[in-house]
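In what follows, a single structure is set out as structure tokens and then discussed.
The values are calculated or read from the model by the stated rules, or taken from the named source; none is laboratory data. Please read all numbers here as calculations on a predicted model, not as lab measurements. Cβ: placed from backbone, ideal geometry, glycine included. Neighbour counts: every protein chain shown. These area figures cover heavy atoms from the full protein model, side chains too; ligands, DNA and RNA do not enter into them. Shrake-Rupley method; radii C 1.70, N 1.55, O 1.52, S 1.80 Å.
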Amino acid sequence: GYLITTLLIEEIQSKRFVFLTFYERRIRRILPALFLVTLACIPFAWMWMSPSQMKDFSQSLVAVSLFSSNIFFWHKSDYFNALSGENPLIHTWSLALEEQYYFFFPIMLCVFWRYGKSIVFWIIIFLLLISLVLSEWGWRNTAIANFYLLPTRVWELFSGSIAAFIVNKRGVQ
């Protein structure tokens with residue numbers, strides 16, 4: 001949250017922010033490595049997986065491609081179950097979560113920026129608190145969803161965003 005928020009604040013303040021440019025940078029940064037990992041997994045999956053495992057792997061490939069693997073794995077597996085290690089793409093859940101954040105966060109910033117940077121800062125704090133409370137409830141009641149889904153994890157990214165706002169205002173001391 002910190003790095004992206006720092007970049008977004010600078011671009012929005014200097015009136016240089018363009019959604020397409022932001023998302024193009026994300027694509028250039030993420031997709032080459034993601035394609036390499038997924039393509040490297042395919043031949044090994046083909047050789048070593050049973051038909052049912054191959055079906056799950058193929059579905060995870062689609063989910064990874066759509067940056068929704070966190071949702072897919074939420075429905076399919078408990079991350080801490082021994083069998084979850086059989087899918088080589090299970091760790092992409094966190095990338096999906098991050099990309100979902102990067103999809104919504106710039107839109108939110110631009111929508112609320114017109115009300116002032118201070119208002120945006122307090123909105124982020126408010127949303128962080130909601131996410132943190134939801135996460136606290138979630139680990140007790142819906143642990144797997146709590147682990148995989150953005151609403152219960154976004155407080156972590158918002159923490160970095162708040163730090164970026166503070167550093168932007170006060171500098172590094």
Highest mean packing first, using Cβ neighbours within 10 angstrom, the peptides 32-39, 148-155, 116-123 sort as 148-155, 116-123, 32-39
Dipole of the chain, positive direction: furthest Cα of ILE27, VAL133, PRO106, with charges on the beta-carbon: PRO106
Quick one: 3J(HN,Hα) in Hz for segment 153-168, Karplus 6.51/-1.76/1.60 with θ = phi - 60°, rounded, Gly and Pro as x. 10, 5, 4, 5, 6, 5, 4, x, 5, 5, 4, 5, 4, 5, 5, 4
Springs between alpha-carbon pairs under 10 angstrom, Gaussian network model over the chain: which of ALA145, ALA96, ALA40 fluctuates most? ALA40
Inter-label distance for LEU66 and ILE12, nm, one decimal - labels placed 7 Å from Cα along Cα-to-Cβ: 2.9
Inverse of <1/r> over all distinct C-alpha pairs of segment 84-129, i.e. the Kirkwood Rh in Å, gives 12.5
Please get the size of the charge dipole for segment 34-171, origin at its Cα centre, with Cβ charges of +1 on Lys and Arg and -1 on Asp and Glu, quoted in debye to the nearest 20. 520
How much accessible area per residue does the chain have, counting only protein heavy atoms and a probe of 1.4 Å, in square angstrom? 60
Which residues does the label zone of LEU36 cover in segment 1-30, counting backbone N under 17 Å from a point 7 Å along Cα→Cβ? 26-30
Which trypsin sites (Lys or Arg not before Pro) in segment 1-90 pass both tests, a DSSP loop state and at most 14 other beta-carbon atoms within 10 Å? LYS15, ARG16
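For the chain, with all protein chains present and a 1.4 Å probe, just round the carbon and sulfur fraction of the accessible area to a whole percent.
Of all accessible area on the chain, carbon and sulfur atoms account for 70 percent.
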For Cα Rg over 2.2 N^0.38 Å, pick the label among [x] 1.07; [y] 1.44; [z] 1.18 that corresponds to the value derived from the coordinates. [z]
